[in-house]
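So that we are looking at the same thing, I have put the structure below in C-alpha cells.
The values are calculated or read from the model by the stated rules, or taken from the named source; none is laboratory data. A quick note: this is a predicted structure, and the numbers were derived from the prediction, not measured. As a convention, Cβ positions derive from the backbone with ideal geometry for all residues, glycine included, and neighbour counts pool all protein chains shown. Only protein heavy atoms, including side chains, enter the accessible area calculation; ligands, DNA and RNA are left aside. Shrake-Rupley method; radii C 1.70, N 1.55, O 1.52, S 1.80 Å.
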Amino acid sequence: MPRRLGQHFLSDPRILDRMVDALDPTSADRVIEIGPGKGSLTRRLAVRVAVVVAIEKDERLAAALTSTEMPGNVRIVTGDALRLDWASLVSSGNTSLRPFKVIGNIPYYATSPLIEKALTPPLPTVIVFLIQREVADRLVAQPGSRAFGALTVGVRVLADVEPVFRVPAGAFRPRPQVDSAGVRFRPLPQPLVDPMDHRAFRTFVNALFSRRRKQLIGSLQAVATKSRDEVSHLLATLDVDPTARAEMLSPQTFVRLFHSFAR
C-alpha cells in the first residue's frame, strides 16, 4: 500500500500464520480483514475459515486484489473500514446478525479509531490486530506502570486484551521505525461500562489522566465540580484512597468513580 495510507507490507509466512492462529479460526468462521494490502494474510485466512471479507481503502490495491485469482470464499470490498458496517458485510443480506471475527495488519495512524470501531456493537467474538508495539504495551499495562493510561482503561472495560507475539521492524516492507506486536481482544460478555455510556466514560477517564500527577481528591474536585468535602465523602463511601493518583487505579475503580461522579 502506498506510504500515504500508512501501510507496511508483511510477507513472512511464519508471522502471518501466527496471526491466523491467534484468531482461533474454525471452518465455520466469517472474518473481516482490515487492510489486506497484497493479500498475503487473506489467502492464509481463506483456507481456514468459511468467509473472508477484506476491506481495502486504497482503490488501486483493491482493484489489484479483485483482478487476482483469489479463493472463492474471499470478497474484496473497497472502502474505509471506519465508515462501513462490518456486521452487515458478513451477514450477506441475512436479516439476523451472524457471529464474526476481525483481523488486520492495521495502519499505525488509525490504530485507536479501529480499536474503538471493533469494540462498538455489534461486537465480533475475537479481534486480532497487528499494531505498534508501544501501543500494545499500553493496552496490556497494569496499574502503577508507566504505560498504564486512559487508553488502557477505555479498552479494558470492554474487552480482555492479551499480547500474542512481537514482530521486529525488519519483517515489514517498507520498514517502519518501530517494532510491532500482535494483540488479541475478546469482548467481554458483560462490559464494565454500558456501550451507550462509553464515550462519556472515556471523557471522564481522559480528564483524570490529564491530571495524573495530582491526587485523586483534587482531580475529582476539578472534573466533577464538587467541593472537597463532597469528594472526600464519596471516596470514603467507595473505599478509595483520596491521595491515590489516576495511574494507580484499576479499570473497575474507574467505573465506580464514573458512576458516582459523572452520572
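Can you give the charge dipole size of the range 179-263 about its Cα centre, rounded to the nearest 20 debye, using +1 on the beta carbon of Lys and Arg and -1 on the beta carbon of Asp and Glu?
240 debye
Considering only protein heavy atoms, what per residue accessible area in square angstrom results for the range 99-234 with a 1.4 angstrom probe?
Spelled out: the 1.4 Å probe surface of the range 99-234, per residue, equals 48 Å².
Would you mind calculating the gained length between ALA262 and ARG98 on full extension (0.36 nm times residue separation, minus the Cα-Cα distance), in nm to one decimal?
This chain segment gains 55.5 nm when fully extended.
Sticking with this one: Using only Cα positions of the range 33-119, each an equal point scatterer, no hydration layer, compute I(q)/I(0) via Debye at q = 0.15, 0.23 Å⁻¹ and quote the log10 values to two decimals.
Calculated log10 I(q)/I(0) at the listed q: -0.53, -1.25.
Give the carbon-plus-sulfur fraction of the accessible surface of the chain in %, rounded to a whole number; probe 1.4 Å, heavy atoms of protein chains only.
Result for the chain: 49 percent of the exposed heavy-atom area is carbon or sulfur.
Which value, in debye to the nearest 20, gives the size of the charge dipole of the chain about its Cα centre, when Lys and Arg are +1 and Asp and Glu are -1 at the Cβ?
Computed charge dipole of the chain: roughly 540 debye.
Throw me the Rg/Rh for the range 109-263, computed over C-alpha atoms with Kirkwood Rh, two decimals. Kindly include the intermediate steps, with their values, before the conclusion.
Values: Rg = 17.0 Å, Rh = 16.6 Å.
Taking Rh as the inverse mean 1/r over Cα pairs, Rg/Rh reads 1.02.
Over the alpha carbons of the range 172-221, what is the largest minus smallest coordinate on each principal axis, giving the biggest first in Å?
Principal extents (largest minus smallest coordinate, Cα): 49, 32, 14 Å.
Okay, moving on. Which is farthest toward the positive dipole end of the range 149-194 among PHE172, VAL157, PHE185, measuring Cα position about the Cα centre, with Cβ charges +1 (Lys, Arg) and -1 (Asp, Glu)?
The Cα lying farthest towards the positive end belongs to PHE172.
At 222 nm, what helix-only mean residue ellipticity would the chain give, in deg cm²/dmol to the nearest 500, using -39500 (n - 2.57) for each DSSP H run of four or more? Walk me through the intermediate numbers first.
On the way: 11 runs with 97 residues, N = 263.
Per the formula, -10500 deg cm²/dmol.
Expressed in whole Å with the largest first, what are the equivalent ellipsoid semi-axes of the chain derived from the C-alpha gyration tensor as the square root of 5 times each eigenvalue?
39, 20, 15
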